[in-house]
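Enquirer: Sharing a structure here in structure tokens format.
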Amino acid sequence: MKQKAIVILGMHRSGTSAFAGVLSMLGINFGSNLMPPAFDNEKGYFENIDIYNVNETILSSLGSSWDSLFALPSQWWLNTNLNIYKDEIRDILRQEFESSEIFGVKDPRLSWLFPLWREILDSLNIEYHIIIPVRNPLEVAMSLAKRNNFSLEKGTLLWTSYNLEAEQQTRKYPRLILSYNKLLECPKDVVKFIADKLKINYPWDSLTAMSDIDNFLEPTLRHHDFNFAIEEKRLLNYIFKLYKSLLDLSGFHDIALPSTHAIDDLAAEFINMRNYFYTFELQDEMKNTLKMKKQLEQIQQKIHSMENSFSWKITAPLRSVKTYFNRISKYHL
């Protein structure tokens with residue numbers, strides 16, 4: 001039997017963790033080395049740390065990061081320098097999921113990196129199905145403002161970039177675009193819909209798991225909730241059109257071609273806008289900033305390692321004595 005993978009991608013803070021958590025409660029294996037819960041995601045990320053790390057490294061090697069407003073280079077996935085990362089991903093998938101008939105991979109970065117991952121899954125003869133959660137861009141932007149101190153403008157631009165890439169890169173492949181709000185409101189219906197549409201059998205009984213799923217999807221998962229009719233006025237017309245088009249593609253119906261055509265037009269407009277406003281000079285400055293940020297992180301890691309080393313700890317008394325005598329000499333000489 002051909003191995004199956006459910007690939008969850010989409011914008012950060014859009015419900016990717018919620019969908020992965022629900023599927024995990026239905027027996028879908030997301031791996032053993034999962035990112036632990038944190039203050040901004042107390043229910044858990046359901047994100048494999050090894051996959052997260054390699055995706056971060058790939059973006060960094062391309063001069064980018066998860067919150068970059070710049071596009072990746074054209075046909076970046078054909079870069080032979082990435083072959084080492086492709087091999088690393090294959091090794092991770094074999095080690096984590098070789099014995100699983102069906103497994104899950106979740107990382108918002110896959111919205112940008114899907115072409116490379118698609119190639120890897122094809123090479124391993126894995127049948128993949130894609131889930132793209134969609135959430136109100138203002139809810140996402142407010143969540144990013146709280147967690148990362150981003151402006152609402154940056155948050156909505158990131159939402160636009162991720163969703164355009166996710167929709168266009170997955171259009172030819174088996175996928176579901178699903179409303180995050182729908183999952184919170186009608187989890188039982190969404191669980192059944194996913195199984196029916198993707199033609200999968202959950203490893204664990206869905207009826208038995210529903211009580212745990214209901215508790216997992218408590219109202220606190222909706223960190224910011226907006227009235228769509230009111231908040232429409234606060235959205236740029238462009239972003240509102242994209243959100244509406246994605247909602248047209250989501251839900252319990254097949255893809256509507258007019259919506260994909262509208263998204264193509266919006267994507268072309270977005271590319272023109274980005275090329276106009278994000279100059280090469282600004283892009284170079286961003287790359288230099290990322291480089292310095294990386295160097296700072298490496299220095300901080302070295303300091304942390306040094307301070308926790310055995311030699312640093314056993315010489316601590318000597319440093320204290322030296323500091324004491326330095327103070328004495330300062331006042332008595």
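Enquirer: From a point 7 Å beyond the Cα of residue 67 in the direction of its Cβ, which residues of segment 132-152 have a backbone N at a distance under 19 Å?
Expert: Only 137-152 pass the distance filter.
Enquirer: On a full-extension model of 0.36 nm per residue, what is the gain between residue 151 and residue 74, subtracting their alpha-carbon distance, rounded to one decimal in nm? Walk me through the numbers on the way to the answer.
Expert: Details: separation 77, 0.36 × 77 = 27.72 nm, distance 2.78 nm.
The residue 151-residue 74 span can extend by a further 24.9 nm.
Enquirer: While we're here: As an exercise, use a Förster radius of 25 Å and the Cβ-Cβ distance of residue 305 and residue 91 to find the FRET efficiency, rounded to the nearest 0.05. Mind showing how you got there, number by number?
Expert: Numbers: r = 26 Å, r/R0 = 1.05.
Here the calculated transfer efficiency is 0.45.
Enquirer: List the residues, sorted by chain then number, that are 5 or more residues from residue 178 or on another chain and whose placed amide H is less than 5 Å from its amide H.
Expert: 132, 134
Enquirer: Further question on the same structure: Relative to the present Cα-Cα distance, how much length would full extension add between residue 201 and residue 168 at 0.36 nm per residue of separation?
Expert: 9.1 nm
Enquirer: Further question on the same structure: Could you derive backbone 3J(HN,Hα) for segment 178-191 from the dihedral phi with the Karplus parameters 6.51, -1.76 and 1.60 (θ = phi - 60°), listing whole Hz in sequence and x where the residue is Gly or Pro?
Expert: 10, 6, 4, 4, 4, 4, 5, 7, 9, x, 4, 5, 5, 4
Enquirer: Cross-link list 86/291; 241/291; 43/244: which exceed 31 angstrom alpha carbon to alpha carbon?
Expert: Pairs exceeding the cut-off: 241/291.
Enquirer: Tell me, what HN-Hα J-couplings in whole Hz come from the Karplus equation 6.51 cos²θ - 1.76 cosθ + 1.60 at θ = phi - 60° for each residue of segment 156-172, using x for Gly and Pro?
Expert: 6, 5, 5, 4, 5, 4, 4, 6, 4, 5, 4, 5, 6, 6, 9, 4, 8
Enquirer: Apply the Karplus curve 6.51 cos²θ - 1.76 cosθ + 1.60, θ = phi - 60°, to the phi angles in segment 119-128 and return the couplings in whole Hz, x for Gly and Pro.
Expert: So the Karplus estimates, Gly and Pro as x, are 4, 5, 4, 5, 5, 8, 6, 9, 7, 10 Hz.
Enquirer: Name the shape class, rounded, prolate or oblate, that the alpha-carbon gyration tensor gives for segment 63-211, where a ≥ b ≥ c are the square roots of its eigenvalues, rounded holds for a/c under 1.5, and otherwise prolate holds if a/b is larger than b/c and oblate otherwise.
Expert: Taking the square roots of the gyration eigenvalues as a ≥ b ≥ c, segment 63-211 is oblate.
Enquirer: With the Cα gyration tensor of segment 21-101 giving a ≥ b ≥ c as the square roots of its eigenvalues, does the rule (a/c under 1.5 for rounded; else a/b larger than b/c for prolate; else oblate) give rounded, prolate or oblate? It would help to have the intermediate numbers written out before the result.
Expert: On the way: a/c = 2.62, a/b = 1.41, b/c = 1.86.
Cα axes put segment 21-101 in the oblate bin.
Enquirer: Also: Going toward the positive end of the dipole of segment 4-278, with +1 on Lys and Arg Cβ and -1 on Asp and Glu Cβ, which of 275, 36, 52 do you reach last?
Expert: Going by the Cα projections, it comes out as 275.
Enquirer: Moving on. Is the C-alpha gyration tensor of segment 4-278 telling us rounded, prolate or oblate? Criteria: a/c under 1.5 is rounded; beyond that, a/b larger than b/c is prolate, otherwise oblate.
Expert: rounded
Read-outs: derived from the displayed coordinates by stated rules, not from any lab. Remember, predicted model here, so these are calculated numbers, not experimental data. When we count neighbours, we look across all protein chains shown, and the Cβ atoms used for this are built from the backbone with ideal geometry, even at glycine.
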